[in-house]
Amino acid sequence: MSFYPIDPSIEIIIQPRSSWNAQTARPYKKHTPVRITIHHEGGKIVLENGDAKQRLKNIQTWCMGPERNWTDIPYHYLIAPDGTVYQGRDVLTVGETNTDYDPTGHLLISFLGNYNEQQLNEHLLDVLVKLTASFCQQYDISPETIATHRDYCGHTNCPGQNIYTYFENGYIKNSVKKLLLEAPLK
């Protein structure tokens, strides 16, 4: 496994909910983020040139529909395979999950796609590290709290082995800590 230096030229721009034509969320319980938890969608592979906006809309429609009856898309931020970051639900609203951990206090970041089957490339790794570091800074979250869905729930492989490897070997936490020590983020 190669370790890549963080590319300082990557500026994280978060596309608003309006960019993917999100429905208005229904009211839900509030929280303050105190940890960051990484997920992947886990369904079909999403290609770099795929229609991420339509995928987000489909996820939200299904989650808010009769099958789930959730209040919104479950994650606070979503990363498309091309590295574009999209705003999901309000970060001060608890996320929703179909597993047995309580997401209260968790800032949820999810990758679109299935990272048991598709690879996490250098660009996506840099986006994840910079995005996570910026949220640590913005919400005063310790990098020690950065974890994955599977760290809180024993019956899932989320966020996929091709992402989880970077948590197992400490790369994500160490890179976030290093980035926070080097310079304040935008």
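Charges at C-beta only: +1 for Lys and Arg, -1 for Asp and Glu. How large is the resulting dipole of the chain about its Cα centre, in Debye rounded to 20?
Dipole of the chain, to the nearest 20 debye: 460 debye.
How would you rank 27-33, 52-58, highest first, on the average number of other Cβ atoms within 10 Å across their residues?
Listed from highest to lowest mean packing, they are 52-58, 27-33.
Taking amide H positions as placed in the peptide plane 1.01 Å from N, state which residues far from R35 in sequence (5 or more) or on other chains have amide H under 5 Å from it.
Answer set, sorted by chain and number: L107.
State the extension gain, in nm to one decimal, for the chain segment bounded by Q138 and T165, taking 0.36 nm per residue of separation less the distance between their alpha-carbons.
Length difference between fully extended and current span is 7.1 nm.
If Lys and Arg each add +1 and Asp and Glu each add -1, what is the summed charge of the other residues whose beta carbon sits under 15 Å from the beta carbon of Q118?
-3
Give the residue from W20, Y164, G42 lying farthest towards the positive end of the charge dipole for the chain; charges sit on Cβ (+1 for Lys and Arg, -1 for Asp and Glu) and the dipole is referred to the Cα centre.
Sorting the options by dipole projection puts first W20.
List the residues, sorted by chain then number, that are 5 or more residues from S110 or on another chain and whose placed amide H is less than 5 Å from its amide H.
Residues meeting the amide H criterion: H39, Y77, L78, I79.
Using the Cα centre of the range 28-108 as the reference point, and only Cβ charges (+1 on K/R, -1 on D/E), how large is the resulting charge dipole? Debye, rounded to the nearest 20.
160
Show which lysines lie in cross-link reach of K57 when reach means a straight Cα distance below 28 angstrom and same-chain residues fewer than eight apart are skipped.
K29, K30, K44, K130
Over the chain, what is the relative contact order in percent, taking alpha-carbon pairs closer than 8 angstrom and at least six residues apart?
So the answer I get is 28 percent.
Just reorder T145, T132 by solvent-accessible area, largest first, 1.4 Å probe, all chains present.
If we order T145, T132 from most to least accessible, we get T145, T132.
Share of the range 72-163's accessible area from carbon and sulfur, percent, 1.4 Å?
Roughly 41 percent of what the probe reaches on the range 72-163 is carbon or sulfur.
Would you compute, from DSSP H runs of 4+ residues alone, the mean residue ellipticity of the chain at 222 nm, taking -39500 (n - 2.57) per run and dividing by the full residue count, rounded to the nearest 500?
Taking each H run of at least 4 residues, the total per residue is -9000 deg cm²/dmol.
For the chain, report the accessible area per residue in Å² (1.4 Å probe, heavy atoms, rounded to an integer).
The answer is 48 Å² per residue.
What does DSSP give for the chain in terms of the percent of beta bridges that are antiparallel, rounded to the nearest 5?
Counting DSSP beta bridges with both partners in the chain, the antiparallel share is about 25 percent.
The values are calculated or read from the model by the stated rules, or taken from the named source; none is laboratory data. Since the structure is predicted, the reported quantities are computational estimates derived from the model, not experimental observations. Positions of Cβ are generated from backbone atoms using ideal geometry, with glycine treated the same way; all protein chains shown enter the neighbour counts. Just the protein is used for accessible areas: all its heavy atoms, side chains included, with ligands, DNA and RNA removed. Shrake-Rupley method; radii C 1.70, N 1.55, O 1.52, S 1.80 Å.
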